[in-house]
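The values are calculated or read from the model by the stated rules, or taken from the named source; none is laboratory data. Bear in mind that the values here come from a model prediction, so they are computed numbers and not experimental data. Cβ atoms come from the backbone with ideal geometry, glycine included; neighbour counts cover every protein chain shown.
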Amino acid sequence: MNPSNVLDEIHHEADTSEDDVDDSEKCSVCKLFTPAELKYCICLTLVKWAQCDVFDSWVHLKFCTPVQVLRRGDQFLCPKCASKEK
Ligand SMILES: [Zn+2]
Ligand SMILES: [Zn+2]
C-alpha cells in the first residue's frame, strides 16, 4: 500500500483567506475551502478531497460525504450527483 496513492492536502488555516480562494477550489457541498468543523479546530487537521466524476467539483471527504477514503482510480460521485443517480 503506497501512501502517495492517496490524495492528501494539508490546508493551513492561518495563511488561507476564504476570499482568495477560487470557487472551483471550494467544496461543492459546503461551499467552503475548509470544512466548518475544522474552523474551530486549532490543531493541524488533514483534509482529504475527492473529485466528483461528473462535474469535476471537489468535496471534502469524511466531512461532506459519507465516503471516508478514496483510492486512485475509484469512482466518486459527490452527494448531489449520487442522489440524482438513484
Ligand atoms: Zn465541504
Ligand atoms: Zn457531483
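Summed over the stretch 62-86, the residues that are hydroxyl-bearing (Ser, Thr, Tyr) and not in a helix (DSSP H, G or I) give a count of 1. Could we say that Cys81 is touching a helix residue (DSSP H, G or I) at 6+ places or on another chain (Cβ under 9 Å), modelled with pLDDT of 90 or more and within 18 Å of Ser24 (Cβ to Cβ) here? Against the criterion (touching a helix residue (DSSP H, G or I) at 6+ places or on another chain (Cβ under 9 Å), modelled with pLDDT of 90 or more and within 18 Å of Ser24 (Cβ to Cβ)), Cys81 does not qualify. Annotation: of all residues in the stretch 36-68 being under 15 Å from Ser83 (Cα atoms) and surrounded by fewer than 19 Cβ atoms within 10 Å (Cβ to Cβ), the one that is farthest from ligand 2 (Cβ to nearest atom) is Pro66. Scanning the stretch 37-46 for residues that are among the aliphatic types (A, V, I, L, M) and either modelled with pLDDT of 85 or more or assigned to a loop (DSSP other than H, G, I, E, B) (or both) yields a total of 2.
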